[in-house]
Amino acid sequence: MAKTHLTIVETVQMLLHVCHGMQASKDLLSEADRAIGDGDHGVGMARGFEVAQQRLESQPATTLEELFKTVGMALLTSVGGAAGAVFGTLFRGGARGLAGREHFDAAALASWLNDGLKAVQERGKAQVGDKTMVDALQPAAARAQELVSLPLEEALPQVAEAARQGVERTKDMVATVGKAKTLGERALGHPDPGALSTYLILQYMAEYVAGRSDTATPP
Amino acid sequence: MAKTHLTIVETVQMLLHVCHGMQASKDLLSEADRAIGDGDHGVGMARGFEVAQQRLESQPATTLEELFKTVGMALLTSVGGAAGAVFGTLFRGGARGLAGREHFDAAALASWLNDGLKAVQERGKAQVGDKTMVDALQPAAARAQELVSLPLEEALPQVAEAARQGVERTKDMVATVGKAKTLGERALGHPDPGALSTYLILQYMAEYVAGRSDTATPP
Amino acid sequence: MKAKKIINDPRNVVTELLEGLVWAYHGRVRKLEGVNALVKTELPPGKVGLLIGGGSGHEPLFHGFIGENMADGAACGNIFAAPTPDVILAATRALDQGKGVLYLYGNYAGDNMNFDIAAEMAAEEGIATRTVRIWDDVASAPPERVDERRGIAGDLFVIKVAGAAAATLDSLDEVYRVTAKARDRVRSMGVAVSAGSLPETGEPTFTLGPDEIEIGMGLHGEAGVSREKLLPADALVDKMMQRILADLPFRRGDEVCLLINDLGATTMMELLIVNRRVRQILEREGIAVHDTIIGSFCTSQEMAGFSISLMQLDEELKRYYDMPARSFGYTRA
Amino acid sequence: MKAKKIINDPRNVVTELLEGLVWAYHGRVRKLEGVNALVKTELPPGKVGLLIGGGSGHEPLFHGFIGENMADGAACGNIFAAPTPDVILAATRALDQGKGVLYLYGNYAGDNMNFDIAAEMAAEEGIATRTVRIWDDVASAPPERVDERRGIAGDLFVIKVAGAAAATLDSLDEVYRVTAKARDRVRSMGVAVSAGSLPETGEPTFTLGPDEIEIGMGLHGEAGVSREKLLPADALVDKMMQRILADLPFRRGDEVCLLINDLGATTMMELLIVNRRVRQILEREGIAVHDTIIGSFCTSQEMAGFSISLMQLDEELKRYYDMPARSFGYTRA
Ligand SMILES: Nc1ncnc2c1ncn2[C@@H]1O[C@H](COP(=O)(O)OP(=O)(O)O)[C@@H](O)[C@H]1O
Ligand SMILES: Nc1ncnc2c1ncn2[C@@H]1O[C@H](COP(=O)(O)OP(=O)(O)O)[C@@H](O)[C@H]1O
Ligand SMILES: [Mg+2]
Ligand SMILES: [Mg+2]
Ligand SMILES: [Mg+2]
Ligand SMILES: [Mg+2]
């Protein structure tokens, strides 16, 4: 039977799995940023999720809200660049609605993504179509909202898939925000690195919940 | 019958042939300097002999002494670097003994080379074996001294050949003077660029006297 | 081919370069404990703080411009990455003396977001901040969207004026006004000839063909206005100057400061040949040059290429520009 | 692959760069008619002249170091070629005010011969000259043959002191004495990471493997002491400092000035990481650093690599070193 939710301790494990996965995705993400940005996205994300991992491992798990805030603060204070602000905000801003929740289930997932999306857009003003991580985050958040009553194990792969399709769509976009902005037509054909990170985070979450946490390797 | 000497006008022609030849030898000489020096020898010599050519063409030929001084001043004031001082000195210093001579014959050749050698060594202090142009100039001057009574057309190829052998010997030398100085063993196998220039100058003279002045191409 | 760099562990480059920089400041600048921020050892009491900052890897920009009549401190990010809000906040606290702190940095999404987060945190602690974003690169957006443009080497002019203003004026709003005016009067344009590389990956940040250049390319390899075959210097400068002059626009009778900035690996020989053409053009256009700066001030690792920046002066800007200044990377006697 | 350079006709690079440089001097320096020599527009009356010079292509060395308390003029050769005697003589005439002229340049066969010829010509005209050849490169000959060593970036220190001395002292012999003392107390060593190229041929002046460096290599690609695999910065600096310190030798209690010079394409990031290690070593050895200069002062076109120079101070040298100075390529406030 599909897993309906994670306990706090399991959520820590899931986030650690994401940390491992994102560190293993360093080259993939830098490569993507090299094509349309300055090539440092993987370096920054790997550094941030390494710090997040250290904090998760050294601080006793308490509440869901605190866990996500811990990851958010780690990213915000160690990634730097646009990604640090954006992904830090995703985890910090998305943590608010997790207050009081005991389990990480599909509703918590939807709450995190939707609050996170709102916070990211307030901070960075990017809209869908601007070729940023918002193009993966927005469809993922919307899909999560539709699936709030499913078991987490069933919802997560679909939410990750929605993000993946968002990444695909960024290939057809001309960037209007961030360092790829002036690339114009030349950005066509290349996915947005931050969108790719958004998908990967969700994909690593799905992997853990499906019990495939030994496979934290980039796709 | 072999040509015994050149008139003043023919000497101008011979020097112009040298100017053409040295300009055509630019890459060959730069290549040699690239191996053991800073790669500019051909550039400098080509520039210098271009200026010498202009001066020879624009100034009416008067005396042998003045002709060689004209070339010497052109080299001294337009080549720069070590070669400008050394080859300028060869032509200027070597011009002294030409005073009063009416023809450029084997004796004049010997006088030019020997006085030139002396001036070059006073200026630069290089000895045979230091891997400089002196290693081509000294044997050429010595050979010319032995051949003072031959017709110029017979003496010149032998003098040029003595210089060529001097160039060959520089391949086995470790430089102790100039920019190749610290190359040590690594200079082995490479000829000295200035020695090569010395040989070429004599070779182009020989070419002209032998009536092969249409072939001012580097060997 | 991976770039050859004289470094130790590539992950430590920023820590180590800041250590080397603090040594080079000979006691005039210190590093804050635990964060990559440098601040003046002795702050003139009661002055408005001037905090600059941005990604590292562009040395001597930004952290090399701390000093007398220059910035009071710099928040330093990792290579090509904006500094994080905690670093900016720590520097803000160190600089605030009750008069508030002006944030001055290049207009990039990452810098904007991180400095804004820090500004909100500072406000919560009762520290007033104002922000001037530098957007001098005419190649990066049309004039009607000037606030979408990138900040490039023109940073130096704005920092120079801001440093003098912050040393003279007593209110954050006044320092802001002068700094924003300087920013509004600077225009720049760059050209890339070959790429720099990230120390951590050893990979170039972009690729150009053996005879290609990119006019208008940004400091991190962001696209410019056109990719072209290598041009003679004069023809290239003509193209660049045409765009720069038309943009503000600069007019006959104007007086300007001129900066020709090496992006990292361009020879001074080339910069001087560029200067010759720039001055021929300005002479023809009737624009007077008050001062010229030529060298490496805003680099992108070993990128080859350069930029031309002009700042249009008025009496006030000229006064601040002419004040002597001393920092690691820029000194005016 | 031919180097990509932003130039016009490669045969005109020196003429054009000097034109650009004169513009950048804003009227303080002029070019002599018909020869590649630059001299100060206004010479303080009756002073001993200080003439520096050498091949071009090493900008801002030499012609960028003319100014207040710096050189009075520079004789400029073609790229990597010593200036010719006529150029040196013209500059000598322009600088002589009856007190004579000090010639100060790097110790290379070409420079030595051309300056000597000019000195003989000047003597024939009744102009007194004296000569100091700079030979700071410890990699280029053993200590007992110091006069066979090459002049590299340490030139800057000697020019700085000589400029101050020539502005202060009234006799050529005294200026000579102070300058020679400065020269005798400077030691340098360089490392090459990749080659620069000659503008006229587009060819690099030497070749190094993709992971090779050459310790002690000269400014024109002259061989150094060893060719090695790329080392971590600290290990490399350790090797270089060992040779430099042992050579003079520098001793516990000494006070020095420190210059870390970029040969052209090395990043400031690397230079700062090098500075960190140099200071760790000097701290350990008990050698105090009075001042630090880091940047591009003596370059070899786009060569990547750097050199470390130390000048040992005494009270007299320190006084001259500390005098303010202003030139295109070096300013001390
Ligand atoms: N205003 C923004 N809103 C949302 N995401 C953004 C914004 N600006 C940039 N990003 C995201 O940040 C990513 C780049 O991150 P990164 O390369 O780490 O930072 P930088 O651009 O500073 O080098 C982009 O791919 C994009 O997804
Ligand atoms: N002291 C000297 N005496 C004689 N010839 C010398 C001396 N020094 C250098 N040379 C000659 O000069 C040549 C180099 O000339 P060139 O490359 O044009 O000048 P530079 O060494 O200044 O670059 C050497 O190959 C050598 O033959
Ligand atoms: Mg990036
Ligand atoms: Mg040479
Ligand atoms: Mg970045
Ligand atoms: Mg040379």
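Any residue at all in the stretch C:237-249 that's part of a helix (DSSP H, G or I), modelled with pLDDT of 95 or more and within 9 Å of chain D (Cβ to nearest Cβ)?
Filtering the stretch C:237-249 for residues part of a helix (DSSP H, G or I) gives C:237-247.
Of the ones still in play, those that are also modelled with pLDDT of 95 or more are C:237-247.
From what's left, within 9 Å of chain D (Cβ to nearest Cβ): C:237.
Scanning the stretch C:237-249, I find at least one residue that is part of a helix (DSSP H, G or I), modelled with pLDDT of 95 or more and within 9 Å of chain D (Cβ to nearest Cβ), so the answer is yes.
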Task: Test for C:Pro60: is it in a loop (DSSP other than H, G, I, E, B) and within 9 Å of another protein chain (Cβ to nearest Cβ) - done: yes
Open item on the list: Quick check on A:Leu200: is it away from chain C (no Cβ under 14 Å), within 16 Å of ligand 5 (Cβ to nearest atom) and under 27 Å from A:Glu31 (Cβ atoms)?
Closed with: no
TODO: Identify, by number, the condition in (1) modelled with pLDDT under 95; (2) in a helix (DSSP H, G or I) that A:Asp130 doesn't meet.
DONE: (2)
Open item on the list: Please go through the stretch B:165-196 and give me each residue that is buried (at least 20 other Cβ atoms within 10 Å of the Cβ), more than 16 Å from ligand 4 (Cβ to nearest atom) and at pLDDT 95 or above, ordered by number.
Closed with: B:Gly166, B:Val167
Open item on the list: Can you confirm whether C:Ile260 is outside the structural domain of C:Ala166 (by TED's automatic domain parsing) and either assigned to a strand (DSSP E or B) or of a type in the set (Phe, Trp, Tyr) (or both)?
Closed with: yes
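If you check D:Leu51 against the conditions, is it away from ligand 2 (no atom under 16 Å from the Cβ), over 30 Å from C:Asp211 (Cα atoms) and either at pLDDT 95 or above or part of a loop (DSSP other than H, G, I, E, B) (or both)? Lay out the reasoning, then the answer.
Details: away from ligand 2 (no atom under 16 Å from the Cβ): yes; over 30 Å from C:Asp211 (Cα atoms): yes; either at pLDDT 95 or above or part of a loop (DSSP other than H, G, I, E, B) (or both): yes.
Yes, satisfied.
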Open item on the list: What's the total number of residues in the stretch C:140-187 that are crowded, with 24+ Cβ neighbours inside 10 Å, out of contact with any helix residue (DSSP H, G or I) (no Cβ under 7 Å at 6 or more places or on another chain), not charged (D, E, K, R) and not in a helix (DSSP H, G or I)?
Closed with: 4
TODO: Could you tell me which residue of the stretch B:4-44 is farthest from the other protein chains (Cβ to nearest Cβ), considering only residues that are in a loop (DSSP other than H, G, I, E, B) and under 29 Å from D:Gly224 (Cα atoms)?
DONE: B:Gly37
TODO: For the stretch C:66-88, enumerate the residues that are surrounded by fewer than 24 Cβ atoms within 10 Å (Cβ to Cβ) and part of a helix (DSSP H, G or I).
DONE: C:Asp86
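Could you tell me which of the residues C:Ile79, C:Ile88 is of a type in the set (Val, Ile, Thr), under 18 Å from the mean Cα position of the chain (by Cα) and within 30 Å of C:Val191 (Cα to Cα)? Show your work before the answer.
On the way: C:Ile88 fails: within 30 Å of C:Val191 (Cα to Cα).
The conditions single out C:Ile79.
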TODO: Give the residue that is surrounded by the most Cβ atoms within 10 Å (Cβ to Cβ), with candidates limited to residues of the stretch B:45-59 that are within 14 Å of another protein chain (Cβ to nearest Cβ) and either within 16 Å of ligand 4 (Cβ to nearest atom) or of a type outside the set (Lys, Arg) (or both).
DONE: B:Met45
Open item on the list: Being surrounded by fewer than 22 Cβ atoms within 10 Å (Cβ to Cβ) and without any contact (Cβ under 8 Å) to a residue 40 or more places away in the chain narrows it down to one residue among C:Glu283, C:Glu316; which is it?
Closed with: C:Glu283
TODO: Determine if the stretch C:131-148 includes at least one residue that is more than 29 Å from A:Gly37 (Cβ to Cβ), more than 16 Å from ligand 1 (Cβ to nearest atom) and not polar (S, T, N, Q).
DONE: no
Task: Sole residue being in a helix (DSSP H, G or I), out of contact with any strand residue (DSSP E or B) (no Cβ under 7 Å at 6 or more places or on another chain) and surrounded by fewer than 22 Cβ atoms within 10 Å (Cβ to Cβ), chosen from B:Gln121, B:Gln138 - done: B:Gln121
TODO: Scan the stretch D:206-230 and report the pairs whose first residue is within 21 Å of D:Tyr108 (Cα to Cα) and modelled with pLDDT under 90 and whose second residue is charged (D, E, K, R) and more than 16 Å from ligand 2 (Cβ to nearest atom), with Cβ atoms within less than 7 Å and a gap of 6+ or a chain change.
DONE: D:Gly224/D:Glu214
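For the stretch D:23-33: of the residues being in a loop (DSSP other than H, G, I, E, B) and touching a residue at least 12 places away in the same chain (Cβ under 8 Å), which is surrounded by the fewest Cβ atoms within 10 Å (Cβ to Cβ)? Steps first, answer last, please.
Going residue by residue through the stretch D:23-33, those that are in a loop (DSSP other than H, G, I, E, B) are D:25-28, D:32-33.
Then drop every residue that is not touching a residue at least 12 places away in the same chain (Cβ under 8 Å), which leaves D:25, D:27-28, D:32.
On the way: D:Tyr25: 20, D:Gly27: 9, D:Arg28: 16, D:Leu32: 16.
Step by step, filter the stretch D:23-33, then rank; the result is D:Gly27.
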TODO: State yes or no: is B:Met1 assigned to a loop (DSSP other than H, G, I, E, B) and more than 16 Å from ligand 3 (Cβ to nearest atom)?
DONE: yes
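State which residue is surrounded by the fewest Cβ atoms within 10 Å (Cβ to Cβ) when the search covers only the stretch C:286-307 and only residues that are in a strand (DSSP E or B) and among the aliphatic types (A, V, I, L, M).
Residues of the stretch C:286-307 in a strand (DSSP E or B): C:288-295, C:300, C:302-307.
Subsequent filtering for residues that are among the aliphatic types (A, V, I, L, M) retains C:288-289, C:293-294, C:303-304.
Details: C:Ala288: 12, C:Val289: 19, C:Ile293: 18, C:Ile294: 25, C:Met303: 29, C:Ala304: 26.
Among residues in the stretch C:286-307 that are in a strand (DSSP E or B) and among the aliphatic types (A, V, I, L, M), the one surrounded by the fewest Cβ atoms within 10 Å (Cβ to Cβ) is C:Ala288.
Could you grab me the full set of residues in the stretch C:176-197 that are of a type in the set (S, T, N, Q), farther than 16 Å from C:Gly224 by Cβ and more than 14 Å from chain A (Cβ to nearest Cβ)?
Filtering the stretch C:176-197 down to residues of a type in the set (S, T, N, Q) leaves C:179, C:188, C:194, C:197.
Imposing the further condition that a residue be farther than 16 Å from C:Gly224 by Cβ reduces the set to C:179, C:197.
C:Thr179, the sole residue that qualifies.
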Task: Among (1) within 16 Å of ligand 4 (Cβ to nearest atom); (2) at pLDDT 95 or above, the one test that B:Gly37 misses - done: (2)
Task: Residues of the stretch C:299-317 that turn out to be within 14 Å of chain D (Cβ to nearest Cβ) and touching an Asp or Glu at 6+ places or on another chain (Cβ under 6 Å), as a count - done: 1
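Condition check: closer than 30 Å to B:Met45 by Cβ, within 14 Å of chain B (Cβ to nearest Cβ) and not aliphatic (A, V, I, L, M). Does D:Glu200 satisfy that?
Numbers: closer than 30 Å to B:Met45 by Cβ: yes; within 14 Å of chain B (Cβ to nearest Cβ): yes; not aliphatic (A, V, I, L, M): yes.
Considered against the rule, which asks whether it is closer than 30 Å to B:Met45 by Cβ, within 14 Å of chain B (Cβ to nearest Cβ) and not aliphatic (A, V, I, L, M), D:Glu200 comes out as yes.
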TODO: Please verify whether the stretch D:115-122 includes one or more residues that are crowded, with 22+ Cβ neighbours inside 10 Å and within 16 Å of ligand 6 (Cβ to nearest atom).
DONE: yes
TODO: Keeping to the stretch B:60-92, report how many residues are surrounded by 21 or more Cβ atoms within 10 Å (Cβ to Cβ), more than 15 Å from ligand 2 (Cβ to nearest atom) and of a type in the set (S, T, N, Q).
DONE: 1
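The values are calculated or read from the model by the stated rules, or taken from the named source; none is laboratory data. Only a predicted model underlies this, so the values are computations on that prediction, with no experimental measurement involved. Using ideal geometry, Cβ is built from the backbone for each residue, glycine included, and neighbour counts are taken over all protein chains shown.
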